[in-house]
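What follows is a short report on a single structure.
What follows draws every value from the coordinates through simple rules; no lab data is involved. This one's a predicted model, so the numbers in the text were calculated from it and none came from an experiment. Glycine also receives a Cβ, built like all others from the backbone with ideal geometry; neighbour counts cover every protein chain displayed.
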Amino acid sequence: MEDTRKTVLRTQHLGITFGGLKAVSDFNIEIKEGELVGLIGPNGAGKTTVFNLLTGVYKPTEGAIFLYDEKISGKKSHQVVQAGIARTFQNIRLFHQMTVIENVLVAFTKDVKYGLFSAIFRTPAFWKTEKELHEKAMELLKIFSLDDKADVVASNLPYGEQRKLEIARALATNMKVLLLDEPAAGMNPTETADLLKCIKVIREKFKVAILLIEHDMSLVMNVCERIQVISFGQTIAAGLPEEIANNQQVIEAYLGK
Amino acid sequence: MSTFMQFITTGLRLGSVYALIALGYTMVYGIIKLINFAHGDFIMVGGYTLFFTIPAFMKLGLPGWAAVFIAIIVCAVVGMLVELLAYRPVRKRGNNLTSLITAIAMSFILENLAQAIPAIGPDPRVPYMLFNNDIKIGSFSISVATLITIVVSAIIMIGLYQFTQKTKIGRAMRCVSEDKQAAVLMGINVNKVIIITFAIGAGLAAVAALMYIAQYPKVTTTMGATLGIYAFVSAVLGGIGSLPGAMLGGIIIGIVQSGTSTYISSSMADTFVYLILIVVLMVKPAGILGKNIGEKV
């Protein structure tokens, strides 16, 4: 069956060198609208480096990144996010001293229209926008069943909910591609199951493309449509989950020869 | 009784001015962890702007105090320029120490520039006296300048606190202060947030300048140095990085200074100010309202 979905994110021979060390080289990936692609590989393979390249934290030394037809490599991080790429972090990086709802509101910042003047003098436009934002934020929190904790300070949330809030915050940036960096790391089986449900809901509701880094193989095999495997910065395999599971090179990379 | 009231009102007035300036220190520190030594000199810039603009405003038939809006704009522009031309390029390449030295250098540059420009320095200037009448309540009299200083500062502080808590720019500021990298990845333009912070801090210094010269009508090129130190001490005492802390610290320093001058001796005022600072920092190293961030192991 021909896949007619449009390509959202595409990289061309993407690579980066840190002082002579090739951390990632010739990385090519294509993610279509609404697709969930897994990026796996042993520790230190360069998975998070790929995320840092995609979000403009690192500037690629070779290759290019395209969001739809717009070239986004070379842009500053905040511009990349504004263009439509959002991410979560391997180690949770919420704004811990702010409340749950504030964490989400922050992600709306780039889309808020009122200026400094309105903010200082509290014009009607300011109140109207702030009210709308609060409603939008609450809707989003409801999807993650965090609405009853909107005014809780983020650092007081249990671990699993902090993860969920981080995803909610990333979604609030109104992105086209969501990058999830080990969302199940450190979760117990119940929390992981909950996360799985969450990811399903996100895909149904938001129709976003997701690129997922994960170590939990059952999770990856379970949710991903396609999987790409990297080892020492090189792509060693790409394909459907069942193909990857039986790929000799992948098994060797993980377990050694 | 009237001595006591005098001591309290003087303390509050002094303290309000310190607090307004301390807010500038604390906001910039909160966001880029830099002690902006040039901040005190923004008051001097405000003072001279007022010296020139108040008479001009009055000639045009406008109220003299309205000149503060010009001073706010001038100070904000100077604040933004200092960030753009000095701090930002240095921050990109250097570390905290290089930034700190740059701030000290910037302070001297501003003072010396002011001295070198014939229209401004080097001699002190006497600005037009504003609000120089008194209000009598029974046997107690209070100058209009004092009253306005206390009330306007209180309004500004409450407003600023609301601004940081309830608006998108305020929220963005708090994010940048907590985790710059994560803020960037929320699509926040960190450099823009930093420059807005400088503009607001310097603008507040202009208001402080108006309050100050209404009480002590003398503008000098080094006026920012002393005022700046008191305000900086206020910010540290209250807990640097915390807005309510800066306000509280300012008021405490003002009251202590005024109390020592009234009841003991004005030459002892500074001794008490710094004694209290040291005692508080021994008990609470992060300042009264500062958060002690212990090393997580």
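Put simply, the protein assembly as shown fits an ellipsoid with semi-axes of 54, 24, 22 Å; these come from the alpha carbon gyration tensor as the roots of five times its eigenvalues, largest first. Using a cut-off of 32 Å between Cα atoms, the listed pairs A:Lys164/B:Lys180; A:Lys149/B:Lys180; A:Lys113/B:Lys218 include A:Lys113/B:Lys218 as exceeding that distance.
For A:Glu139, project a label point 7 Å along Cα to C-beta. Then give me every residue of the range A:151-171 with its amide nitrogen under 18 Å of that point. Correct set: A:168-171. Across peptide A:111-117, the average count of Cβ atoms from other chains found within 10 Å of a residue's Cβ is 3.
Take each peptide in A:236-244, A:29-37, A:50-58, count the other Cβ atoms within 10 Å of every residue, and average; sorted highest first, the result is A:50-58, A:29-37, A:236-244.
Between A:Gln97 and A:Arg5, the contour length at 0.36 nm per residue exceeds the alpha carbon distance by 29.0 nm. Putting +1 on Lys and Arg Cβ atoms and -1 on Asp and Glu Cβ atoms, find which of B:Ala183, B:Thr164, B:Ile194 reaches farthest to the positive end of the dipole of chain B. It is B:Ala183, whose Cα lies furthest towards the positive end. Annotation for B:Ser265 and B:Asp134: the two label points, set 7 Å from Cα along the Cα-Cβ direction, are 2.8 nm apart. Per residue, the average separation of C-alpha pairs within less than 8 Å and at least 6 apart gives chain A a relative contact order of 27 percent.
Near the amide H of A:Leu36, within less than 5 Å, lie the amide hydrogens of A:Ile210, A:Glu225, A:Arg226, all on another chain or at least 5 residues away, with H placed in the peptide plane. Of the trypsin sites (Lys or Arg not before Pro) in the range A:185-232, the ones in a loop by DSSP (not H, G, I, E or B) with at most 15 other beta carbons within 10 Å are A:Lys207.
Tell me the Kirkwood hydrodynamic radius of chain A in angstroms, computed as one over the mean inverse distance between distinct C-alpha pairs. Mean inverse Cα-Cα distance, inverted, gives 19.3 Å. Spin-label model, B:Lys291/B:Thr3: points 7 Å from Cα along the beta carbon direction are separated by 4.5 nm.
Label positions at A:Asn156 and B:Leu147, each projected 7 Å from the Cα along the C-beta direction, are separated by 4.3 nm. Placing +1 on the Cβ of every Lys and Arg and -1 on the Cβ of every Asp and Glu, with nothing else charged, gives chain B a dipole about its Cα centre of roughly 780 debye. Summary of the geometry: the range B:1-28 and the range A:64-143, compared by the centres of their Cα atoms, lie 38 Å apart.
Peptide B:160-172 is shielded by partner chain Cβ atoms: per residue, an average of 5 of them sit within 10 Å of its Cβ.
Could you list, in their original order, any pairs among A:Lys110/B:Lys168; A:Lys131/B:Lys168; A:Lys136/B:Lys166; A:Lys110/B:Lys92; A:Lys6/A:Lys71; A:Lys6/A:Lys176 whose Cα atoms are separated by more than 19 Å? Flagged as over cut-off: A:Lys110/B:Lys92.
Fully extending the segment from B:Leu62 to B:Leu85, taken as 0.36 nm per residue of separation minus the present Cα-Cα distance, adds 4.8 nm.
Summing charges over neighbours of A:Asp148, with a neighbour being any other residue whose Cβ is under 15 Å away from its Cβ, gives -1 when K and R count +1 and D and E count -1. When the Cα convex hull of the range B:118-222 is projected onto planes of every orientation, the mean area is 9.9 nm².
How many percent of Cα pairs in the range B:1-122 exceed 20 Å? Here the tail beyond 20 Å accounts for 55 percent of pairs. When peptides A:117-129, B:252-264, A:5-17, B:222-234 are sorted by average Cβ neighbour count within 10 Å, with the highest value leading, the order is B:222-234, B:252-264, A:5-17, A:117-129.
Peptide A:66-79 has a mean of 2 when you count, residue by residue, the C-beta atoms of other protein chains within 10 Å of its C-beta. Each Lys and Arg adds +1 at its Cβ and each Asp and Glu adds -1 at its Cβ; summed about the Cα centre, the range A:90-183 shows a dipole of about 300 debye. Our estimate of slack between A:Glu70 and A:Ile120, defined as 0.36 nm per intervening residue step minus the Cα-Cα distance, is 14.4 nm. Using the rule -39500 (n - 2.57) for each DSSP H run of four or more residues, divided by the residues of the protein assembly as shown, the 222 nm mean residue ellipticity is -18500 deg cm²/dmol. As an exercise, use a Förster radius of 56 Å and the Cβ-Cβ distance of A:Trp127 and A:Met221 to find the FRET efficiency, rounded to the nearest 0.05. For A:Trp127 and A:Met221, the calculated efficiency is 0.70. With coordinates expressed along the principal axes, the C-alpha atoms belonging to chain B extend over 60, 46, 35 Å, beginning with the largest. Computed about its Cα centre, the charge dipole of the range A:75-131 is approximately 180 debye, with only Lys, Arg, Asp and Glu carrying charge at their Cβ. The calculated FRET efficiency for the pair B:Ile104 and A:Asp26, based on their C-beta separation and a Förster distance of 45 Å, comes to about 0.35. Protection proxy ranking for A:172-180, B:56-64, using the average of other Cβ atoms within 10 Å per residue and placing the highest first: A:172-180, B:56-64.
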